[in-house]
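Reading through the structure tokens given below for one structure.
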Amino acid sequence: GFTAHVLARGLSESLPYYSLAEQPIRAIVFWSILRLQFAIPVILLAMLGLVYLLKNKPLRPFGALILIAFATNYAFVISLKAQDIMAYIQGPILLIGILAGVGLYALGGWASRRVGLRLSWAIIGLAFLMGPVAQLWFNLPRISLASYSEGADHVENVFSYFDGRGTGTVLLNNWEFMTPLWYTRFVENRWPDEADVRPEFVSAAEPWLPSVFNYLPGGPVYLNSYRREIVEAGFRLRPRGPFYEVVEPVGEQSLTVPPELEPLAAAGEGIELVGYELSNTATAGDFVPLTLAMRIPMTTTDYYAPVLTVGAIEYAFTTDTHLITPLWNANEVIVERFDFALPHDLPSGEYPVTIRMHNLSQNKDSGLLANLDVLNVTAQTNPPQTADLLANFRQRVGLESATVWDGFGRTAAPWDVPLHVQHGDVLNILLDWEVIAKAEESYTVFVHLNTLDNVPVVALDYTPLGGSAPTHLWIPKWLPGQQYTDPYRLPIPPDLAPGT
């Protein structure tokens with residue numbers, strides 16, 4: 001009945017939670033989020049406000065009420081293993097803001113007894129007003145969505161790419177991409193001609209793969225983004241403009257190069273490049289998309305990956321989110337999109353672009369080398385500084401520091417001497433992130449304990465801060481200049497074999 005509803009009984013499976021042993025690192029997560037909301041002086045004011053309420057007998061019940069409300073909300077929210085914490089955390093944050101206001105009132109009363117009532121309240125009132133104004137002035141350019149047009153861009157891409165094609169394509173969209181199309185249809189009364197394209201919604205009732213099987217017999221099927229489950233089912237996903245086309249691995253289409261690609265004839269040992277697409281202009285710090293059409297003359301068990309050179313910068317791509325070469329058919333044209341991030345401090349100029357194919361299985365080049373375009377780069381006026389970072393992830397997120405507490409002390413990365421641990425020990429790892437630029441996608445942090453041959457024995461894979469602060473959730477969440485402390489608790493398995 002009522003208590004079952006209030007206590008959310010039966011939802012424990014859909015609301016996984018952190019254990020009591022993990023609460024210390026969850027407190028670090030809360031502190032990291034709290035620092036983004038309030039400056040240290042405001043947090044100190046909140047502490048003063050709580051003391052003021054608890055010390056004044058008439059106000060003590062209000063202080064106790066706020067304290068209990070904060071403790072219960074905090075205990076629930078910080079224990080959730082869900083990204084919903086970003087919304088639920090607003091309750092405790094609001095209570096801290098109320099306490100900060102009480103603390104300011106207490107500080108004003110103390111100051112009025114020493115420097116005069118009017119002067120003290122004038123100074124405090126000015127400081128109180130200037131705080132939000134200064135925060136707004138500083139943060140508005142970073143938090144503003146005025147230049148964020150992903151939804152509108154998707155709508156225009158749908159109209160412009162498919163207009164006049166007459167192919168009767170079905171375009172599958174998830175909720176984030178279907179919503180702006182619905183807005184365009186029901187508010188602006190615009191909708192593409194279904195003889196060209198028919199947008200369809202992919203929902204939990206009919207997921208991606210069943211939707212592909214449902215619509216593909218009737219004509220071309222495109223997706224709004226790359227979906228791994230479609231590839232794992234045996235289909236190919238070809239990048240076509242801003243979309244991905246579903247292609248069956250057999251038939252005439254699988255043997256042809258998309259017409260929008262620039263033809264290329266470059267061959268190496270066991271692999272060929274037959275087409276590419278690359279923009280010839282970019283700004284330092286940009287993601288630059290590169291589309292490659294590749295082919296193998298006969299099936300192989302070796303793994304190949306492209307290596308791109310832009311001027312003196314080398315980008316060695318991996319097989320992640322790409323169809324691995326052992327799954328290619330002989331003479332089938334495989335089209336894959338690779339993107340690379342230019343350094344933010346890259347000077348303006350013309351940079352020649354070359355591509356080669358590396359045999360990962362044999363750790364040698366295939367002998368394939370091709371010159372692509374010249375990339376014209378425009379420099380940034382005030383690029384972010386990244387030279388002191390331990391690691392730079394795609395010019396979007398930087399690792400400032402990484403430390404490990406192993407029970408004997410603190411060790412900062414990089415370290416040369418191995419850490420010695422025993423069965424049952426727990427390594428507490430702190431990663432300090434600095435946001436370089438807005439992330440276009442949600443990143444996952446992989447914290448692994450591996451053997452020397454790179455076999456994971458413990459894997460902690462999750463979005464940052466235990467799911468509490470994803471880099472991208474519908475819109476970019478991490479903003480340039482922000483800093484996050486990201487804790488991990490890595491227990492040593494009791495059955496782990498001795499070794500390094």
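In nm, to one decimal, how far is the Ala233 label point from the Ala265 one, both placed 7 Å along Cα→Cβ?
Once both label points are built, they end up 3.9 nm from each other.
What three numbers, in Å, describe the spread of the alpha carbons of the range 191-282 along their principal axes, ordered from the longest?
If we take the Cα atoms of the range 191-282, the spans are 46, 31, 26 Å.
Does the range 356-494 come out rounded, prolate or oblate, given a ≥ b ≥ c as the square roots of the eigenvalues of its C-alpha gyration tensor, rounded meaning a/c under 1.5 and, failing that, prolate meaning a/b above b/c?
Oblate.
Between Ala195 and Ser225, what is the FRET efficiency for a Förster distance of 22 Å, r being their Cβ-Cβ separation, to the nearest 0.05?
Computed FRET efficiency for Ala195 and Ser225 comes out at 0.35.
Taking 0.36 nm per residue of sequence separation and subtracting the Cα-Cα distance, how much length would be gained by fully extending the chain between Ala21 and Gln483, in nm to one decimal?
163.8 nm
Would you work out if the range 273-407 is rounded, prolate or oblate? Take a ≥ b ≥ c from the square roots of the eigenvalues of the alpha-carbon gyration tensor; rounded if a/c is under 1.5, else prolate when a/b is larger than b/c, oblate otherwise.
The shape class here is oblate.
Quick one: what are the phi-derived ³J(HN,Hα) couplings along the range 417-434, Karplus 6.51/-1.76/1.60 with θ = phi - 60°, whole Hz, x for glycine and proline?
For the range 417-434, the Karplus curve yields 8, x, 7, 9, 10, 10, 4, x, 5, 10, 9, 9, 10, 10, 10, 9, 9, 10 Hz.
List the residues, sorted by chain then number, that are 5 or more residues from Glu269 or on another chain and whose placed amide H is less than 5 Å from its amide H.
Sorted by chain and number, the residues that satisfy this are Gly367, Leu368.
Given the Cα-Cα distance of Asn363 and Thr281 and 0.36 nm per residue of separation, how much length would full extension add, in nm?
26.3 nm
Could you tell me the calculated FRET efficiency between Ala4 and Lys81, based on Cβ-Cβ distance and R0 = 30 angstrom, to the nearest 0.05?
0.85
Which peptide among 322-328, 457-463 comes first, and what is the full order, when sorted by highest mean count of other Cβ atoms within 10 Å?
My ranking of the peptides, most packed first, is 322-328, 457-463.
Sort Arg26, Arg394, Arg356 so that the residue with the fewest other Cβ atoms within 10 Å of its own Cβ comes first and the one with the most comes last.
Arg394, Arg356, Arg26
Step through the residues of the range 349-364 one at a time and calculate ³J(HN,Hα) from phi using the Karplus curve (6.51 cos²θ - 1.76 cosθ + 1.60, θ = phi - 60°), rounding each to whole Hz and writing x for Gly and Pro.
For the range 349-364, the Karplus curve yields x, 9, 10, x, 10, 10, 9, 9, 10, 10, 7, 5, 5, 9, 6, 8 Hz.
Under 8 Å for C-alpha pairs, at least 6 residues apart: give me the relative contact order for the chain, rounded to a whole percent.
Result for the chain is 10 percent.
Which FRET efficiency, nearest 0.05, do Gln37 and Gln385 yield, Cβ-Cβ r, R0 22 Å?
0.30
Counting only DSSP beta bridges with both residues in the chain, tell me the antiparallel percent, nearest 5.
Of those bridges, close to 90 percent are antiparallel.
Relative to the present Cα-Cα distance, how much length would full extension add between Ile492 and Val458 at 0.36 nm per residue of separation?
Taking 0.36 nm per residue and subtracting the Cα distance, the gain is 11.5 nm.
Of (i) 26.3; (ii) 32.6; (iii) 28.3, which is the value of mean projected area of the Cα convex hull in nm² derived from the coordinates here?
Structure-derived value, by its label: (ii).
Check which residues have an amide H placed less than 5 Å from Tyr244's amide H, if you skip close sequence neighbours.
Leu223, Ser225
Based on other C-beta atoms within 10 Å, arrange Thr301, Thr451 from fewest to most.
Thr301, Thr451
Mean Kyte-Doolittle of at least 0.5 and a Cα length of 20 Å or more along the axis: which whole DSSP H helices of the chain meet both?
23-37, 40-55, 60-78, 90-115, 117-143
For every other residue with a beta carbon closer than 13 angstrom to the beta carbon of Glu314, add +1 if it is Lys or Arg and -1 if Asp or Glu, then tell me the sum.
Residues close to Glu314 contribute a combined charge of 0.
Sort out for me the Cα centre separation of the range 278-337 from the range 450-492, rounded to whole Å.
27 Å
Check which residues have an amide H placed less than 5 Å from Tyr17's amide H, if you skip close sequence neighbours.
Amide H neighbours of Tyr17: Lys81.
Suppose each label sits 7 Å from its Cα in the direction of the beta carbon; what would the Phe393-Ala64 distance come out to in nanometres?
4.6 nm
What 222 nm value per residue comes from the helices of the chain, counting each DSSP H run with n ≥ 4 as -39,500 (n - 2.57) and dividing by all residues, nearest 500 deg cm²/dmol?
Dividing the helical sum by the residues of the chain leaves -9500 deg cm²/dmol.
Treat the count of other C-beta atoms within 10 Å as a stand-in for reagent exposure and order His472, His358, His420 from fewest to most.
In order of increasing Cβ crowding within 10 Å: His420, His472, His358.
Each residue of the range 218-232 in order: what ³J(HN,Hα) in whole Hz does its phi give by Karplus 6.51 cos²θ - 1.76 cosθ + 1.60, θ = phi - 60°, with x for Gly and Pro?
Whole-Hz 3J(HN,Hα) from phi for the range 218-232: x, x, x, 10, 10, 10, 6, 7, 5, 10, 4, 5, 6, 5, 5.
A short reminder: the numbers here are calculations on the coordinates, not readings from a lab. All of these numbers come straight from a predicted model, not from anything done at the bench. All Cβ positions, glycine included, derive from the backbone under ideal geometry; neighbour counts span all protein chains shown.
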